[in-house]
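To start, the structure under review is shown below, and the notes come after it.
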Amino acid sequence: MGKPAPPAAPAAPAPDDWHALEPGEALARLGVDGDGLAPDEAARRLGQYGPNALPPPPRVPGWRRLLRQFNDPLILFLLAAAVLSALLGHYADAGVIAAVVLVNAIVGVVQEGRAEQALSALRSMLAPTARVLRGGRRATVPVASLVPGDVLLLEAGNRVPADARLLRARGLRVDESVLTGESVPVDKQVDPVAPDAELAARTSMLHSGTLVATGQAVALAVATGPRSRIGRIGALLGGIEPLETPLLRQIRRFGRGFTVAALVAAVALFLFAVAVRGYAWLDALMVVVALAVGVVPESLPAVITITLALGVRRMAARHAIVRRLPAVETLGATTVICSDKTGTLTRNEMAARSVVTVAGRVEAQGEGYAPHGRLDAAGGDGAALEAARAVARIGLLCNDAHLREASDGHWRADGDPMEAALLALAARAGIDREALRAAHPRLDEVPFDAAHRFMATLHADGEGALLCVKGAPEQVLALSVAQAGADGAQAPLDPSTWRAAIDAAGDAGQRVLGFAFRRLDHVPAQLALEDVGGLVFAGLVGFIDPPREEAIRAVADCRGAGIAVKMITGDHAATAAAIARQLRLADRVRVVTGQELEHVADADLPALAAEASVFARTTPEHKLRIVRALQSRGHTVAMTGDGVNDAPALRQADIGIAMGHKGTEAAKEASQMVLADDNFASIAAAVHEGRAVYDNIRKVIAWTLPTNGGEALAVVLALALGWVLPMTPVQILWINMVLTVTLGLSLAFEPPEPGVMSRPPRRRDAPLVSPFMLWRICLVSVLFSALVFAVFAWARARGHDLETARTMVVNTFCVLEVFYLFAVRYLHGTSFSLRGLRGTPAVLWAIAAVVLAQVAFTWLPWMHAVFGSRPVPLLENLVVVAAGVVLLALLELEKWLLRRFDVFAELRTVAGSGSTPQGAHA
């Protein structure tokens, strides 16, 4: 006989109240019974709800992506210069400019394609098939065909294929770290929970993409595809536009201003040369184009790219793998780091830290799961130590975990992390694991189940048996009738004292287990759930995931550098607060929970986000709101994460940092950087490298623009005053070609200056050309022009012909730029030191290349024919070198005067830093 047809499914299931319904109510709402959907009804609902898959992102055609890369004024200006250079026969320059522009465009296209991969990684988290009940029969179906109303069959190792309400569960524990950040598997049970329960507290629900750690379950699919929790995260991720990094924003702003200024100046100079000075229009055009190509820093994008690439290599050596080049520099501008707790700031290893018995409190000393260490009691209290050992013996016997030593010397846990911590505790208590287990072999057990919240094991004990129990302390207390006294004898149970100890451990951020035992005169045939009772309560053990020692130092380094560190975690508020205090995240740690955030308006959130140090029990929406709130106050935000729940905030942040070991692919694809060791200390090291990279980029700019400006000013003054041009257009191009690919590039290899982490972060809106940089551009341009004209006039006064005088001018420019390189290597200190004068290997090789090029320019006959150069006598060459010495001395005097009178505070800090945004030191 066929079953009556179930009621029709509703148009759309309510997404957020399933956890509060009884299983029967959930079945009734979806119009299904315990045998599952009939095949034809499943097909109908598939047409109604759509496939259980995340929608693919809209694709942008490749040609459109490529064209978008040229929508930049500086790029367009460079392309125009390349075309004009080619028309005038300067094919080498045209080729170099075009190559730089094309490489930048290709890199941009590749980076845009990475963004689409984040959603693809989310979609890949769904298992390919699922086991269901269809019409009362078990079936394996594609995950994409699941619909609301399907009855799912799950067991350990399965990935949950849809959001589902539990109907039956046995020993069920689910790893929800990808969604909640919870550091240990969560116990699940069928009973409904409060309607306003946090996501992590919805123990009657399973969520798509999470992993069944232990046990079995029958669950009702209530949300699929975009309606599932992971689907909503995908929608958040797809709606976030990638932010420009501070450097790209500065370069874009600089490019617009520079392009407008250069075009206006070029047109004005061309008209002046033709109308006032009587130049033929073709001659004037050649001068203007040569000058424009010389002034435009067309090599700047390439040099900046190389500088960033070198930073990427140095960061990789410090376990920070950069996926997108501009992220290197963004780290240097970071003012707030929002960090996950588990595994990043902490060791991701549960440690048994305290044992509380009637005899007193004992602290366990030791690192990780290594079976080394000791127990310490106040005053060396022997009774307290012996009572703690009794608790440790119960924890060792009532235990299914194993410890093993890896090849790298670290101890790893196989099994539940808290059980592994109990094994380490027993070793620190001096208990021989193998001997104890041999003396008390296990006879039977009652596995842990969320329904009864304890585990019990039965062991041989002489003629009788020993029952060992561990579990939720309230549950173990309820099963106890006595407690172990200070002398080991049984005493009346005092529940209030134990509850106070449990509360105190919770306030300290510790997870607590209770331990009890019972001696039996005879060995029962089997151990049943009903046999667990009449226990003697032995004590409590407090567990915590301890902070990394290197993370404590790294947090201190970040705070010293003006960078606030905020913890955003899915863990409990008390646990997060305890770790935050140990890490010294702030002078006064303030904790805000996800429930509190729900009631905070968007307008009030920025102030709260700046003040708080810890955000606990957060959802993906909360994390996204926190990052946006901090950015609204001018912060440059770095965000760490490892789960799917972190992906939207990772993409919204100025720099997203994913975990390499425990991070999901969705988190990695949404990030700009991946930590190979999942260690917060690597972030601090990367910030150090990021600041060094930005310093080097500023040095490249501080060297390039003034030297180009000196060339331009010399030609402009000659035209304006009616003097003979000190250089020909082809000689201008020679200077530009030789020096930018040698001296300018060498600055990319500069090591960090001292005190790089003692400066505050630069402002988010700091201009690329700061007041000090503008001053330096003007000063150096004037000094270059003055020294060049002095050498030119001296050469003419000595009776040299025009070609020899111009050769000396070209050599003078090269020498001046070499000496200026030594001055600009130290923006924040003097260059008159052994380290400063010695230079780096890159600087020395660059100088050698320039010297060889100028020797060829001055002495080789074929160079004379191409560039109109001539040999220069020895005395004249000494005068050229003396001009460089004069320049370096004047610039070092300028540095001293600026420091002495505090004209530019940038010489003490980083250029453009100023004060940190409000809340950076919260």
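Computed from the coordinates by the stated procedures, all read-outs in this text should not be read as laboratory data. Note that the structure is a prediction, hence the values are computed from the model and not measured. Please note: Cβ atoms are built from the backbone with ideal geometry, for glycine as well, and neighbour counts cover all protein chains shown.
Numbers at a glance
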{"quantity": "Ser354 long-range amide H proximity, modeled H, under 5 Å", "calculated": "Ala364, Gly542"}
{"quantity": "Mean Cβ neighbour count within 10 Å, used as a protection proxy, ranking 566-572, 164-170 highest first", "calculated": "566-572, 164-170"}
{"quantity": "Approximate shape of segment 351-544 as ellipsoid semi-axes (Cα gyration tensor, √5λ), whole Å, largest first", "calculated": "23, 21, 16"}
{"quantity": "Per-pair calculated FRET efficiency, R0 = 56 Å: Trp862 and Ala607 via Cβ, rounded to 0.05", "calculated": "0.20"}
{"quantity": "Under-5 Å amide H pairs with Cys338, H placed in peptide plane, nonlocal only", "calculated": "Lys566, Ala638, Met639, Thr640"}
{"quantity": "Net lengthening on full extension, Val724/Trp896 (0.36 nm per residue, minus Cα-Cα)", "calculated": "58.3 nm"}
{"quantity": "For segment 361-378, 3J(HN,Hα) per residue [Karplus equation, 6.51 cos²θ - 1.76 cosθ + 1.60, θ = phi - 60°, Hz, x = Gly/Pro]", "calculated": "9, 10, 9, 9, 10, x, 10, x, 8, 4, x, 10, x, 7, 10, 10, 10, 4"}
{"quantity": "Given charges at Cβ of Lys, Arg, Asp, Glu: segment 476-581 dipole, positive-most of Gly570, Leu535, Leu513", "calculated": "Gly570"}
{"quantity": "Packing-based ranking, highest mean first, of 147-160, 582-595 given that Cβ atoms within 10 Å are counted", "calculated": "147-160, 582-595"}
{"quantity": "Unit charges at the beta carbon, dipole of segment 296-405: most positive-side option, Gly368, Val322, Leu396", "calculated": "Val322"}
{"quantity": "Unsatisfied cross-links (Cα-Cα over 31 Å) in the set Lys341/Lys470; Lys470/Lys623; Lys188/Lys623; Lys188/Lys668; Lys566/Lys668", "calculated": "Lys470/Lys623"}
{"quantity": "Highest average packing first - 778-787, 340-349, Cβ atoms within 10 Å", "calculated": "340-349, 778-787"}
{"quantity": "For Ser480, distant residues with modelled amide H under 5 Å away", "calculated": "Leu535"}
{"quantity": "For segment 351-544, size of Cβ-based charge dipole, Lys and Arg +1, Asp and Glu -1, in debye", "calculated": "220"}
